[in-house]
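The values are calculated or read from the model by the stated rules, or taken from the named source; none is laboratory data. If you're wondering where the values come from, they're calculated on a predicted model, not measured in any experiment. Heads up, the Cβs are rebuilt from the backbone with ideal geometry, glycines too, and the neighbour counts pull from every protein chain shown. Side chains are part of the model used for accessible areas, which takes the heavy atoms of the whole protein and leaves out ligands, DNA and RNA. Shrake-Rupley method; radii C 1.70, N 1.55, O 1.52, S 1.80 Å.
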Amino acid sequence: MPITPLGPRFGAEIHGIDLGRLDDDQVTAIRAALVEHKVLFVRGQDIDDAAQIEFGRRLGEVTTGHPIHDSGDVAPEVYAVDSQDNGFADVWHTDVTFVRRPPAISVLRAVLLPPNGGDTTWADSQLAYESLSPGLRAWADSLTAVHDGTREFGYYLAQRRKGRGNVWEGEEYTELKPVEHPVVRVHPESGRKGLFVNPGFTSHVLGVSDHESRGLLDILYAHLTKPEHLVRHRWSAGDVALWDNRSTAHYANRDYGDQHRVMHRITLSGDTPVGPVGGAGTGAGTGAGAGAGAGAGAVG
């Protein structure tokens, strides 16, 4: 497949393919390119929700659209991000890190775009980690953080009938329990390390004070989103983006006023994040520190 890199190590555009008519070799090549480039863009696609889901199934195991948010009259595998339903993603985040096994891959399709605005930007968490000073890398390697979806999705959960929730990977989500993940994640396919914290869902670092937690996370967030770690996409009709949640974070610009923007996303099952010393995520979050970072709107 013709692939045009968008930077030396991050982001690429794939040309001359139809996501609804791929052979097995092309699917394998896309999966490999995604691990290497972390975010891929495919233009000029004429697919609907069913074809988007089928493409996802060829890449991996498709999850429910979202553990908490009900996207309404769409297939259960689809998460509809609709600006007229408070569907925004204008906070840096990695999709659904508030569960024990966050999704590995996301596939986003532009359904309805505003006349201008609404770009999405991705950050390379592996390059961000590798460009830290050696001392900060060693420090980050040893840390664990708590991820909590309450700030973004507690409202939606409260609106649902009591005792009823979405089923995500066999578990019904009727409440949101914080989970622990390593601050640095080792990619299960490439073996590269990357920062695995995000302002949307990371509440605090374990084992330090609230003040220290906020300071430490602010340092990592500022470094993660440096311009040299970013790639930005201006959406056009027919565009599809795929990204690796194990090595990226992203942000959708909310700069289109009251214009309507609708995006449909599916996600693929992932694994439990593992840190450099083999530590994996655990159950409910504990330890010192309060909420660090804030978000607004319904992120993934």
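Laid out as a table, the results:
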quantity: Residue ID - modelled with the highest pLDDT, chosen from residues in the stretch 172-199 that are farther than 18 Å from Arg246 by Cα and open to solvent by 70 Å² or more (accessible area, probe 1.4 Å); calculated: Lys177
quantity: Strands (runs of 3 or more DSSP E) within the stretch 156-225 that include 2 or more residues in contact with a strand residue (DSSP E or B) (Cβ under 9 Å, 6 or more places away or on another chain) and under 19 Å from Arg137 (Cα atoms); calculated: 179-182, 184-186, 193-195, 202-205
quantity: Top-ranked residue in the stretch 48-63 [being farther than 13 Å from Arg265 by Cα and not in a helix (DSSP H, G or I); ranked as least open to solvent (accessible area, probe 1.4 Å)]; calculated: Gly60
quantity: Checking Leu220 against (1) modelled with pLDDT under 95; (2) under 19 Å from Val91 (Cα atoms); (3) not hydroxyl-bearing (Ser, Thr, Tyr), the condition it does not meet; calculated: (1)
quantity: Test: His69 is at pLDDT below 95 and surrounded by 14 or more Cβ atoms within 10 Å (Cβ to Cβ); calculated: yes
quantity: Residues of the stretch 67-88 satisfying the condition of being of a type in the set (A, V, I, L, M, F, W, C) and out of contact with any helix residue (DSSP H, G or I) (no Cβ under 7 Å at 6 or more places or on another chain); calculated: Ala80, Val81, Phe88
quantity: Ala237 being surrounded by fewer than 20 Cβ atoms within 10 Å (Cβ to Cβ), of a type in the set (A, V, I, L, M), outside any loop (DSSP other than H, G, I, E, B) and more than 17 Å from the chain's Cα centre (by Cα); calculated: no
quantity: Tally, over the stretch 118-149, of residues that are without any contact (Cβ under 8 Å) to a residue 24 or more places away in the chain and among the acidic types (Asp, Glu); calculated: 0
quantity: Search result, residues across the stretch 81-117 that are modelled with pLDDT of 95 or more and outside any loop (DSSP other than H, G, I, E, B); calculated: His93, Ile105, Ser106, Val107, Leu108, Arg109, Ala110, Val111, Leu112
quantity: Filtered residue count, the stretch 118-155, keeping only those that are part of a loop (DSSP other than H, G, I, E, B), crowded, with 20+ Cβ neighbours inside 10 Å and among the polar types (S, T, N, Q); calculated: 0
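Here's the yes/no breakdown for (1) without any contact (Cβ under 8 Å) to a residue 12 or more places away in the chain; (2) under 22 Å from Arg43 (Cα atoms); (3) open to solvent by less than 10 Å² (accessible area, probe 1.4 Å); (4) in contact with a helix residue (DSSP H, G or I) (Cβ under 6 Å, 6 or more places away or on another chain):
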| site | (1), (2), (3), (4) |
| --- | --- |
| Gly65 | no, no, yes, no |
| Trp92 | no, no, no, no |
| Pro103 | no, no, yes, no |
| Asn116 | no, yes, no, no |
